[in-house]
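Let me begin by presenting the structure, written as structure tokens, before commenting on it.
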Amino acid sequence: FGARHHQRFFLLFSVGPLHSDLEYTVSSQKEGYVLTAVEGTIGDFKAYALAGVSFEIKAEDDQPLPGVLLSLSGGVFRSNLLTQDNGVLTFSNLSPGQYYFKPMMKEFRFEPSSQMIEVQEGQNLKITITGYRTAYSCYGTVSSLNGEPEQGVAVEAVGQSDCSIYGEDTVTDEEGKFRLRGLLPGCVYHVQLKAEGNDHIERALPHHRVIVVGNNDIDDVNIIVFRQINQFDLSGNVITSSEYLPTLWVKLYKSDNLDNPIQTVSLGQSLFFHFPPLLRDGQNYVVLLDSTLPRSQYDFVLPQVSFTAAGYHKHITLVFSPTRKLPEQDIAQGSYIALPLTLLVLLAGYNHDKLIPLLLQLTSRLQGVRALGQTASDNSGPEDAKRQAKKQKTRRT
């Protein structure tokens, strides 16, 4: 393949020799150019030089500004890129035409803020953009009590007083670090954990940090967090006589399955009991007191308590008060006596119209007999006195 430049900026080339019985396709390409075949010709191409635009973005102190998002669009071309440490972005191989660019980064305003530019064929533009600081950042870390970083913790800055309408939030990275951007100068903020998105965190120490934003970034705003304890402790006590303790068991059931206890503990000689930790799953449970006392000898009620595994601890109290049944012999004797008496009372009530006259007549006769006995006693009194006197005279002689 041989080629040479013509003075009118044509590129001449020749290929060969070629086999006449084969069909060939001719194409061309060159970096920085668009080459299109000339219609109606074989091997002729029209070339258009592509353009380029280079953006240099720096801060007001003339230092490169990394992390700026630059949007460039025109025709079918769309691009959004971030500046690197040198603050420079270059867009190559642009077709001639109009393009619109806009730099964006929180905490900065830019000059120019946005602009439409015309790019000519083969042109390489260089555009300088300056960023001016309008807000500041708060840097800090979130860690556990032992110093381990906490990743994925949602942190927020809540404006106070006149700045109460402002707020920013972010999430900690794998090193537990966070950056709250866009804090306005002259505002007071509370830096704290967000109420949403931190279900694995129980609490933070301190609850919030107070910061006052000036004209600089704020560093070393550190927060210690305590992870949520995902267990539920269950304990309790039984109020009963110590003689019944060896016969008692405390059983734990899930409320939807009261046939099979999931845990069972024996009281032994202690009035207190404690189950192994449960999961804080918000499920409903039932604690039931069971006894080996024979029901043929005791009457008792087995207490039970329902609860939900929410929070961290539950203490329950169960009361067990059995009563001893009477012996069967005593019950039988009592029954033998009570039955005739009951029948007599019922019979008397049913025949009261006949029974009352008989009772009155019996009472009258008893009173007559008592009166006769009293009379006989009165008549025998003088005769007994005479006999007593005679006996005394006989003794004196």
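Computed values, structure above
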| read-out | value |
| --- | --- |
| Cα gyration tensor category, rounded, prolate or oblate, for the range 113-208 with a/c compared to 1.5 | prolate |
| Ranked Arg365, Arg109, criterion: other C-beta atoms within 10 Å, fewest first | Arg365, Arg109 |
| FRET E, pair Val265, Asp299, Förster distance 25 Å, beta-carbon r, rounded to 0.05 | 0.50 |
| In nm, spacing of pseudo-spin labels at Thr36 and Arg280 (7 Å Cα→C-beta vector) | 6.9 |
| Sites Glu175 and Arg78, calculated FRET efficiency, Cβ-Cβ separation with R0 30 Å, nearest 0.05 | 0.30 |
| Gain upon complete extension [Ser71, Ser114; 0.36 nm per residue less C-alpha separation] | 14.5 nm |
| Pair Thr342, Arg133: separation of 7 Å Cα→Cβ label points (nm) | 10.1 |
| Loop chymotrypsin sites (Phe, Trp or Tyr not before Pro), the range 71-104 (other Cβ atoms within 10 Å of the site Cβ: 13 or fewer; DSSP) | none |
| Part-to-part distance (alpha-carbon centres) for the range 213-262 and the range 275-319, which is given in Å | 15 |
| Per DSSP, loop trypsin sites (Lys or Arg not before Pro) in the range 224-308 with at most 10 further Cβ within 10 Å | Arg295 |
| Cα-centre dipole for the range 26-75 with unit charges at Cβ (Lys and Arg positive, Asp and Glu negative), debye to 20 | 280 |
| 5 angstrom amide H check on Leu125, placed H, neighbours 5+ away | Gly52, Val53, Ser54 |
| Value of Rg/Rh across the range 211-330 [Cα atoms, Kirkwood radius] | 1.33 |
| FRET efficiency, 1/(1 + (r/R0)^6) with R0 45 Å, evaluated for Lys126 and Leu18 via beta carbons | 0.45 |
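FYI, it's all coordinate maths here, none of it is from the lab. None of the values given here were measured: they were computed from a predicted structure. Here Cβ is always computed from backbone atoms with ideal geometry, including for glycine, and neighbour counts include all displayed protein chains.
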